[in-house]
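A.B. asks: There's a structure below that I have some questions on.
The values are calculated or read from the model by the stated rules, or taken from the named source; none is laboratory data. On a predicted model such as this, the values are computed, not experimentally measured, just so you know. Counting neighbours? That spans all protein chains shown, and the Cβs are built from the backbone with ideal geometry, glycine included.
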Amino acid sequence: MCLTVVEVLPGGQFTADVMGETLSRSSLGRLAAGSPVNLERAAAVNSRLGGHIVQGHVDGTGKILSRSPSENWEVIRIGLPAELTRYVVEKGSITVDGISLTISALGDDWFEVSLIPTTRELTTLGPAQAGDPVNLEVDVIAKYVERLMTHK
């Protein structure tokens with residue numbers, strides 16, 4: 001979710017204002033004070049754009065269905081809400097808890113992403129378990145294309 005830091009506190013903590021829309025679309029309301037979150041600075045529009053276009057807006061929530069570890073990566077399968085399936089394609093981008101990832105496999109009501117060791121170690125997806133909720137942001141370009149194609 002896209003939040004603005006209102007106050008920076010000692011020890012790397014901060015406060016942000018939150019509105020009802022954020023609470024209704026995300027898992028933010030389930031967090032307690034001090035819960036870890038993933039933070040990413042906004043991309044500067046005057047520099048090279050690398051990676052996926054991410055706004056930090058939560059479109060819905062999914063649930064981790066399974067984790068399949070291997071030596072050099074881990075595959076996480078996540079349940080996909082029906083209202084978001086039309087925006088998701090294999091090898092497309094999706095944001096899970098603020099982490100921009102590539103979809104490595106796709107089913108009717110799930111998708112998979114693969115995590116490298118760095119992502120497992122430095123983000124909240126590392127310790128997340130099957131059954132945990134995650135925030136999802138689908139590709140904004142897909143949403144704009146749909147809107148252009150369906151409205152005159």
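A.B. asks: Could you please find all residues in region 8-31 being free of Cβ contacts under 8 Å to residues at least 12 places away in the same chain and assigned to a helix (DSSP H, G or I)?
C.D. replies: Scanning region 8-31 gives Pro10, Gly11, Gly12, Gly20, Glu21, Leu23, Ser24, Gly29.
A.B. asks: Given (1) buried (at least 20 other Cβ atoms within 10 Å of the Cβ); (2) part of a helix (DSSP H, G or I), where does Ile94 come up short, assuming only one miss?
C.D. replies: Answer for Ile94: the failing condition is (2).
A.B. asks: Also, I was wondering about something else. Does region 106-138 hold any residues that are more than 14 Å from the chain's Cα centre (by Cα), closer than 13 Å to Ser68 by Cα and at pLDDT 95 or above, and which are they?
C.D. replies: Answer for region 106-138, where residues must be more than 14 Å from the chain's Cα centre (by Cα), closer than 13 Å to Ser68 by Cα and at pLDDT 95 or above: Gln129, Ala130.
A.B. asks: I'd like to verify a number: residues in region 57-77 that are aliphatic (A, V, I, L, M) and closer than 19 Å to Pro117 by Cβ, how many?
C.D. replies: Residues that pass the stated criteria total 3.
Every residue, every condition in (1) surrounded by 12 or more Cβ atoms within 10 Å (Cβ to Cβ); (2) outside any strand (DSSP E or B); (3) without any contact (Cβ under 8 Å) to a residue 60 or more places away in the chain; (4) of a type outside the set (Val, Ile, Thr), yes or no:
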| residue | (1), (2), (3), (4) |
| --- | --- |
| Ala33 | no, yes, yes, yes |
| Val37 | yes, yes, no, no |
| Val45 | no, yes, yes, no |
| Gln55 | yes, yes, no, yes |
| Ile64 | yes, no, no, no |
| Ser68 | no, no, yes, yes |
| Glu71 | no, yes, yes, yes |
| Ile76 | yes, no, yes, no |
| Arg86 | no, yes, no, yes |
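A.B. asks: What about Ser66, is it farther than 20 Å from Ser27 by Cβ and not charged (D, E, K, R)?
C.D. replies: Spelling it out, it is not the case that Ser66 is farther than 20 Å from Ser27 by Cβ and not charged (D, E, K, R).
A.B. asks: Among the residues of region 105-142, how many are outside any loop (DSSP other than H, G, I, E, B), surrounded by 15 or more Cβ atoms within 10 Å (Cβ to Cβ) and either in contact with a strand residue (DSSP E or B) (Cβ under 7 Å, 6 or more places away or on another chain) or not small (Gly, Ala, Ser) (or both)?
C.D. replies: Selection size over region 105-142: 15.
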